[in-house]
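Okay, structure first, notes after.
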Amino acid sequence: MTLPRQPSLDATARPPAPASVGGLDALVEWGRRRPWWMVVGLVLAAATSVSRLPGALFNGMFDRDEAFLAVTGDVLRHGGTLYVDVIDRKPPVVPYAYALLRDLSVDVRTVRVAVALLVFLNGVVIVSLVRRLTGSRRAALFSGVLAVTGTAMFLPADAQAANFELWGLLPASMAILAVIVARSSARPWMWFAVAGAAALLAAQCKQPYIVVLVPVVYEVVRRGRDRFVSAMAAGLGALVMLVPFALVGDVRRMVRWVWTDNGDYLSGGVSIGRALLVGLGLGVVFCLFHTPMLYGVWAAARRRVRPDAVIVVWLAVSVLVLPLGLRFFGHYFQQVVPPLAVLTGLALPSARPRVWRVLTVLTAALTVVMVVSSLMHRPDLTDFRAVGRHVQRTTAPTDRILVWGALPDVYVAAERDPAGVFLHGGYLTGNWASRAEPLPDSAMAEPPFDARWDLFWTDVTARPPELVIDAARPGTDWADYGPARFPIGAWLDRCYVPEGVIDGLRLWRRDPARCPA
């Protein structure tokens, strides 16, 4: 028996054909006899379990961000201060979450299970959002499944790693849901406060999520006479969200490293042609892997649905922020998954049964293919076991080490805290991904590098590392950035003695006579 579709509140629907949609109709029929949110919970829990399974099974690192975060989290749980004892350009939410979870277990699967819970909750928010906009339970449930499984429709490292983008999905979607709920609420100012707080929380997971404020502001402008109250409420919500970060750290340092001291990363030395080709390629791959989620875009372009304007703005700004800095990675596209899922949910109430069948089959097939590919991919960036064992044998647990370059895997393998405050050597050398050619040596004495080198020297002079490990290996993008080119080379010659090569990495050990602690 086919259930009648409920009319879309924001779509121009044509009468559905009285045909069966197969298993989906059977699921809806089964769900009619049970509480609606129980059905949503069970379906999304099943979708989450399948799509996040590889990350929950494998203990190795799926990508380098997980290693950077593991190191940062360990420094924090050992009593260090973010942006003082360890500096990275990432916002504070995810590092503190890693610290909390690694206090429970250093097994990275603990973090991935937590991320899976956030993906599940984001699916619940998407279901609520689409149901409010269309009135269709079936479309809402399908969009929730798309939002969950869509996070796994990437290459293994981008799909299964507990990366920054996945942490920001839930608060970003919550901000949009809040402004939609405000339309029919007796206290809209309260929901705009929630929207402002949620948008800022998302940006404190990863900077590009700051664009979620754009659809929030867009809805504020549309409020008419009470737009001032709505704007004040949203702004107050955002300010209140800053309070926890002010309590646990220095807001000025956070603003510097997260928001203002990024000029050389965003604009310096990028090969524009190469970056655009990479971005175009990743965009094509994303579209192929997420074909079911593009139905809403197609339906809107063909004027088969009139999507809610806030959702269109949300999708547009999420796409437009992708090229920022001209550095592309597959997981950057995770931010686009929720608005695409919602847009498709808005189009589904007016879709023919054949469309439902095709989208259901495609979603299931792509999810299975991508999950199986992730299961076949053995995630283990930490392939520096030999050097890790050597460090553990020859240093005390409280000793620090310095890895020159951008190889946090070594810190993870060695189980030692980093020295030199910066986890990535790009801060001291300007060597970020996609740099066309090295900076001149004279640039190290100019802003912003001079101030960063001062921080580096202050730290290693006060607490010198027991070992220095050179990750500037031939055949990598660090081949032209060895220590000899920089001030650190003279320091190594003065205070350290060579100790050989392990796992392809050169080691120097501190000479206490020449470089006392």
Starting from the Cα of residue 393, step 7 Å along the direction of its Cβ; do the same at residue 517; then give the gap between the two resulting points in nm. 2.1 nm
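Under the rule a/c < 1.5 gives rounded, and otherwise a/b versus b/c splits prolate from oblate, where does region 224-378 land using the Cα gyration tensor?
Details: a/c = 2.01, a/b = 1.29, b/c = 1.56.
It is oblate, given that a/c is not under 1.5 and a/b is not larger than b/c.
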When N is the residue count of region 385-510, what does its C-alpha Rg come to as a fraction of 2.2 N^0.38 Å? 1.01
Once amide H atoms are built 1.01 Å from N in the peptide plane, which residues 5 or more positions from residue 502, or in another chain, come under 5 Å H to H? 507
Plugging the Cβ-Cβ distance of residue 445 and residue 298 into 1/(1 + (r/R0)^6) at R0 = 35 Å yields, to the nearest 0.05, a FRET efficiency of 0.05
Spin-label pair residue 56/residue 415, simplified geometry with 7 Å Cα→Cβ offset, distance in nm: 2.7 nm
Can you compute the charge dipole magnitude of the chain about its Cα centre, using +1 on each Lys and Arg Cβ and -1 on each Asp and Glu Cβ, nothing else charged? Give it in debye, rounded to the nearest 20. 2640 debye
With r as the distance between the Cβ atoms of residue 260 and residue 240 and R0 = 22 Å, compute the FRET efficiency 1/(1 + (r/R0)^6) and round to 0.05. 0.45
Potential lengthening between residue 107 and residue 493 on full extension [0.36 nm per residue; Cα-Cα distance subtracted]: 135.2 nm
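Let me check against my output: what whole-number percent is the relative contact order of region 125-191, with C-alpha pairs under 8 Å and at least 6 apart? Numbers along the way, then the final one.
Numbers: 43 pairs, mean separation 20.0, N = 67.
Normalised by residue count, the contact order of region 125-191 is 30 percent.
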Testing the spin-label approximation: label points 7 Å from Cα along Cα→Cβ at residue 77 and residue 228. State their distance in nm. 5.0 nm
Over the C-alpha atoms of region 167-207, what are the Rg and the largest Cα-to-Cα span, Dmax, in Å? 10.2, 33
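For the chain, what relative contact order do you get, as a whole percent, if you take Cα pairs closer than 8 Å and at least 6 residues apart?
Working: 839 pairs, mean separation 96.5, N = 517.
Reported relative contact order: 19 percent.
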Once the Cα atoms of helix 309-320 and of the chain are each reduced to a long axis, what angle between those two axes, in degrees from 0 to 90 to the nearest 10, is obtained? 30 degrees
Phi-based couplings in Hz for region 150-159 (Karplus 6.51, -1.76, 1.60; Gly and Pro marked x): x, 6, 9, 8, 9, 4, x, 5, 7, 8
For residue 404, what residues show an amide H to amide H distance below 5 Å, using hydrogens built from the backbone and excluding near sequence neighbours? 469, 470, 471
At q = 0.16, 0.21 Å⁻¹, what log₁₀ I(q)/I(0) does a Debye calculation on the Cα points of region 446-517 give, no solvent, two decimals? -0.63, -1.01
In region 385-510, taking the dipole from +1 charges on Lys and Arg beta carbons and -1 charges on Asp and Glu beta carbons about the Cα centre, the listed residue (500, 456, 471) farthest towards the positive end is 500
Unpartnered cysteines - no second Cys beta carbon under 4.7 Å - across the chain: 205, 287
Antiparallel versus total DSSP beta bridges in the chain: what percent is that, nearest 5? 55 percent
Explain nothing, just the number: relative contact order of region 385-510, from Cα pairs under 8 Å at least 6 residues apart, as a whole percent. 26 percent
Using the Karplus curve 6.51 cos²θ - 1.76 cosθ + 1.60 with θ = phi - 60°, work out ³J(HN,Hα) for each residue of region 228-239 in order, rounded to whole Hz, and write x for Gly and Pro. 5, 4, 5, 5, 5, 5, 5, x, 5, x, 5, 5
Under the Karplus curve 6.51 cos²θ - 1.76 cosθ + 1.60, θ = phi - 60°, whole-Hz ³J(HN,Hα) for region 360-376, x wherever Gly or Pro sits: 5, 5, 4, 4, 5, 5, 5, 4, 4, 4, 6, 5, 4, 5, 6, 5, 7
Using 0.36 nm per residue of separation minus the Cα-Cα distance, give me the extension gain between residue 309 and residue 484 in nm, one decimal. 57.4 nm
For the chain, what is the mean residue ellipticity at 222 nm derived from helices alone (per DSSP H run of n ≥ 4: -39500 (n - 2.57); sum divided by total residues; nearest 500 deg cm²/dmol)? -17500 deg cm²/dmol
What is the Cα centroid distance between region 250-313 and region 478-517, reported in whole angstrom? 40 Å
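For region 33-152, what mean projected area does the convex hull of the alpha carbons give, in nm²? Intermediate results must be reported in sequence, preceding the final value.
Values: hull surface 35.3 nm².
Quarter of the Cα hull surface area: 8.8 nm².
For the pair residue 33 and residue 276, what calculated FRET efficiency results from E = 1/(1 + (r/R0)^6), where r is the Cβ-Cβ distance and R0 = 45 Å, to the nearest 0.05?
Working: r = 53 Å, r/R0 = 1.18.
Efficiency computed from Cβ-Cβ geometry: 0.25.
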Furthest towards positive pole of dipole, 259, 236, 377, structure part the chain, Cβ charges: 236
Rounded to the nearest 20 Debye, what is the dipole magnitude of region 29-135 about its Cα centre when Lys and Arg each give +1 and Asp and Glu each give -1 at the C-beta? 660 debye
Along the three principal axes, how long is region 293-425 when you take its alpha carbons, biggest first, rounded to the nearest angstrom? 68, 32, 22
The chain - Rg (one decimal) and Dmax (whole number), Cα, Å: 25.0, 87
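How large is the Kirkwood hydrodynamic radius of region 182-287, counting all unique pairs of alpha carbons, in Å? Walk me through the intermediate numbers first.
Values: mean 1/r = 0.0616 Å⁻¹.
After inverting the pairwise mean of 1/r, the radius is 16.2 Å.
Bear in mind these aren't lab numbers, they're just calculated from the coordinates by the rules spelled out. Just so you know, these numbers come straight off a predicted model, no measurement behind them. Positions of Cβ are backbone-derived with ideal geometry, glycine not excepted, and every protein chain shown enters the neighbour counts.
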